[in-house]
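All remarks here apply to the structure that follows.
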Amino acid sequence: MYIIKAIPLAKNNSKEHLSYFSKTNIPLGHIISVPVRSKKIDAIVIQTEDALLAKANLKEANYKLKKIDKIKGPSPFSQSFLETCNLVKDYYLSNSGTIIKSLTPAVLLENISSLKETSKENIPNENIKQEKLIFQAPFADRLGYYKTLIREAFAKKESIFISLPTRHDIDIFYNELSKGIENYVFTLHSKLPKKELIQKYNDIISAEHPLLIIGTPLFLSISRDDIKTIIVEKESSEVYKQLSRPYLDLRTFAEIYSSIKKIKLIFGDTLLRPEILGSYENGEYGEILPPIYRFSRINSGFILDKRQEELSKDFNIIGPEAKKLMDDTLSSLKSVFVFTVRKGLAPVTVCRDCGQTLLCPSCQAPLVLYDSKKEKTKDGNRIFMCNKCGFKQDAKMTCPHCGSWNLVPLGIGIDKVRQELEKLYPDKKIFQIDKETAKTEKDIEKIISEFHKNKGSVLLGTSLALSFLNQTEISATVMTSLDGLFSIPSFNMTQKIIQTVEKLHHITENTVLAQTRLDDNKILENILKGNILPLYREDLDERRIFNYPPFKRLIKITFEGTAKETEKAKDLIEKTLSNYDPQIYSAFIGKIKGHFITNTVIKVDPRDWPKIKDNKQETSKELREALLDLPLSFKINIDPEDLL
């Protein structure tokens, strides 16, 4: 009999490893099925020992060993992948099994016996210096470079993995990059049928010719020793950040994994995240080309409609200029996209008397009016808040320009826009994409397909639609309220505004018309000039002032409970994290089904919580122990996308 130590492959599992017994010896790295409570889960064997030799330890154990359920087969994971998971677990305060489970498609784990066995990995030379590069350039320029890079890699008998956030992105890159090499290009994503996915996996493992693999980052675990370049494309996409525990950022995993394997890493996008650009300026990354901070042809294709008409009950969401653009486009049987913010946001507050927009005194972003359940003010529960820097102001304030009390929140949600479009164009088909009307990718693709079949129709959508529209697919675009983008609840507000405008510009063949009530806004001025470098510089300066990435590492802790439980949770946070100046506040949606949601943010020096790339680096022991002392009811998110 043998004692088997194995890593359980289960999310939210608190144990790093479990012990079982087996009648037969099992090779290290094999996948086995083991009982955990009333369930059977997969586990990776990390140690085996003859039971006779472990007899003394077994007698001292205060638990009874269970028998393994069955042996499923050899592990599909390379040593480098497992080593990376072991490092990543420390960064995200998790365990190896949870990390592996979060990084592996379920189909592969469920069908281990159907997968071809991988060849033994060559251990990389520790003296090799890894190449980490950024590539900020227009889409067409990046594609041109990748085509050359693929040809050169194939000539050197090397494969390339291009990571993309969505299936739609994968389809676009496949169509652009596969011409002439179709037999050596594989696409991988979780929407593939089980049989097709397993077949593709086995073909990739057994192929002798170098390959181009285009897939979502969950397939980085595929073990091919000739993959010498990983390209993380659409690097700024929020999809790379997982929304449930352990809140992995798959870009971070790709960076650590490439570092362990000593292979080339490229971060590519039209506009990279400020965190990456800031690290590039500090010398942490090299470059393919110097980053480009200009939008091509935006001067001629972008119209800013500054609306200053008096606000009234009869106020039209679609202004005269926007209506003329839509009339001309639709009469030519061409397509119009009407972009609006997501449901429920009141993007700006405007003075009815002077028409000026209420701005944050700290950072000049528009203030947004909220109902706060937690913060009692002179005006009841209503407060003005800046979604960019977090500034808060009693709602009982006057216009700083004219002193008037006549302030009104101007919210233009998608439902109001639809009602007005139906009145303006009763004979036109109006298609809509938002979270309520399109629940799945298939729903979105079906709506877009029907939209294109109906010439001279209108597509109304939120940012959800943008990832599914291709270059110059739309004839004209109307942004009902550019100001609505300033209501995005994120310290990444500037970046998100630029990315949204750039994407709208990318998908529109002719004109993008943006309605606004903001005067002399630096973001809008620079977008019109097509030069975003000043915005990037200003954004970095603000991040330095407000202690945001890349200057600080953010750790967000969320607690959900009753009023009494919440007060106890706050006391525990203040006591446990007193050395780290915890900022405790109500969440953006402060109450769900009678439970209060409370966030805590601590900002730490990145040197105290580094991206661990070898066994010589480690996170702060003191901070790590403090965070691990918190009960499991506290959700810990390292590097959150937003703080609200």
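For this structure, a couple of remarks:
- Every pair of residues 6+ apart whose Cβ atoms lie under 8 Å, when the first sits in the range 36-53 and is touching a residue at least 60 places away in the same chain (Cβ under 8 Å) while the second is in a strand (DSSP E or B) and of a type outside the set (V, I, T): D42/P8; D42/S33; D42/K72
- Within the range 318-332, residues that are under 14 Å from L304 (Cα atoms) have Cβ atoms under 7 Å from residues that are loosely packed, with under 13 Cβ neighbours inside 10 Å and among the aliphatic types (A, V, I, L, M) in no pair, counting only partners at least 6 apart in sequence or on another chain.
- The set of residues in the range 130-145 that are open to solvent by less than 10 Å² (accessible area, probe 1.4 Å) and among the polar types (S, T, N, Q) contains only Q136.
- Scanning the range 451-472 for residues that are closer than 14 Å to K334 by Cα and open to solvent by 50 Å² or more (accessible area, probe 1.4 Å) returns H452, K453, K455, T472.
- Each residue in the range 622-644 was checked for being within 15 Å of Y247 (Cβ to Cβ), open to solvent by 60 Å² or more (accessible area, probe 1.4 Å) and part of a loop (DSSP other than H, G, I, E, B), and 1 of them qualify.
- Residues of the range 520-546 satisfying the condition of being out of contact with any Ser or Thr (no Cβ under 8 Å at 6 or more places or on another chain) and either of a type in the set (S, T, N, Q) or not in a helix (DSSP H, G or I) (or both): D520, N521, N526, N531, I532
- Residue within the range 93-101 that is touching a strand residue (DSSP E or B) at 6+ places or on another chain (Cβ under 7 Å), more than 24 Å from F21 (Cβ to Cβ) and either modelled with pLDDT of 95 or more or not aromatic (F, W, Y) (or both) present: yes
- Candidate set: the range 585-621, residues that are of a type in the set (V, I, T) and open to solvent by 50 Å² or more (accessible area, probe 1.4 Å); chosen: the one farthest from K261 (Cα to Cα): I592
- Among the residues of the range 540-562, those that are of a type outside the set (D, E, K, R) and either under 19 Å from the mean Cα position of the chain (by Cα) or surrounded by 20 or more Cβ atoms within 10 Å (Cβ to Cβ) (or both) comprise Y548, P549, P550, L554, I555, I557, T558, F559.
- Of everything in the range 503-525 that is closer than 23 Å to K234 by Cβ and open to solvent by 10 Å² or more (accessible area, probe 1.4 Å), the residue that is nearest to the chain's Cα centre (by Cα) is K503.
Here's the yes/no breakdown for (1) in contact with a Gly (Cβ under 9 Å, 6 or more places away or on another chain); (2) open to solvent by 20 Å² or more (accessible area, probe 1.4 Å):
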{"residue": "K428", "(1), (2)": "yes, yes"}
{"residue": "E436", "(1), (2)": "no, yes"}
{"residue": "I474", "(1), (2)": "no, no"}
{"residue": "N492", "(1), (2)": "no, no"}
{"residue": "V501", "(1), (2)": "no, no"}
{"residue": "I527", "(1), (2)": "no, no"}
{"residue": "E538", "(1), (2)": "no, yes"}
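- Filtered by the rule that a residue be hydrophobic (A, V, I, L, M, F, W, C) and more than 27 Å from the chain's Cα centre (by Cα), the range 173-197 gives a lone residue, I181.
- Boolean, T440 is farther than 12 Å from V336 by Cα and either out of contact with any strand residue (DSSP E or B) (no Cβ under 8 Å at 6 or more places or on another chain) or open to solvent by less than 20 Å² (accessible area, probe 1.4 Å) (or both): yes
- Any pair with Cβ under 9 angstrom, 6 or more apart, that starts in the range 170-182 at a residue that is under 15 Å from R142 (Cα atoms) and ends at one that is modelled with pLDDT of 95 or more and among the charged types (D, E, K, R): F173/E233; E176/K147; L177/K147
- Matching residues in the range 166-184 - criterion: being over 24 Å from D249 (Cα atoms), among the aliphatic types (A, V, I, L, M) and open to solvent by 30 Å² or more (accessible area, probe 1.4 Å): I181
- Looking only at residues in the range 547-586 that are assigned to a strand (DSSP E or B) and of a type in the set (A, V, I, L, M, F, W, C), the one that is nearest to I636 (Cα to Cα) is I557.
- Cβ separations smaller than 7 Å between residues 6+ apart or across chains give the following pairs from the range 63-89 residues that are under 29 Å from K23 (Cβ atoms) and open to solvent by 20 Å² or more (accessible area, probe 1.4 Å) to residues that are part of a loop (DSSP other than H, G, I, E, B) and aliphatic (A, V, I, L, M): I71/I26.
- The residue that is nearest to K306 (Cα to Cα), counting only those in the range 488-512 that are of a type in the set (A, V, I, L, M) and out of contact with any Phe, Trp or Tyr (no Cβ under 8 Å at 6 or more places or on another chain), is I498.
- Exclusive hit being at pLDDT 90 or above, open to solvent by less than 60 Å² (accessible area, probe 1.4 Å), over 20 Å from I99 (Cβ atoms) and in contact with a helix residue (DSSP H, G or I) (Cβ under 9 Å, 6 or more places away or on another chain), set I26, I3: I3
- If you go through the range 349-388 and pick out every residue that is polar (S, T, N, Q), open to solvent by 20 Å² or more (accessible area, probe 1.4 Å), in a loop (DSSP other than H, G, I, E, B) and modelled with pLDDT under 75, you end up with 2.
- The set of residues in the range 307-325 that are modelled with pLDDT of 90 or more and either loosely packed, with under 15 Cβ neighbours inside 10 Å or outside any loop (DSSP other than H, G, I, E, B) (or both) comprises P320, E321, A322, K323, K324, L325.
- Note on the range 146-165: residues that are crowded, with 17+ Cβ neighbours inside 10 Å and either more than 21 Å from K241 (Cα to Cα) or of a type in the set (S, T, Y) (or both) total 9.
- Candidates T216, T229, T187, T252, filtered to the one that is touching a helix residue (DSSP H, G or I) at 6+ places or on another chain (Cβ under 6 Å), touching a residue at least 24 places away in the same chain (Cβ under 8 Å) and either closer than 24 Å to P138 by Cβ or surrounded by fewer than 20 Cβ atoms within 10 Å (Cβ to Cβ) (or both): T187
- Residue that is in contact (Cβ under 8 Å) with a residue 24 or more places away in the chain, under 29 Å from S586 (Cα atoms) and aliphatic (A, V, I, L, M), where the choices are L485, L460: L485
- Filter result for the condition that a residue is among the β-branched types (V, I, T) and at pLDDT 90 or above, over I498, I527, I474, I488: I474
The values are calculated or read from the model by the stated rules, or taken from the named source; none is laboratory data. Note that this is a predicted model, so its numbers are computed, not measured. Cβ sites come from the backbone with ideal geometry, for glycine too, and all protein chains shown count toward neighbours. Quick note on the areas: whole protein, heavy atoms, side chains included, nothing else; ligands and nucleic acids left out. Shrake-Rupley method; radii C 1.70, N 1.55, O 1.52, S 1.80 Å.
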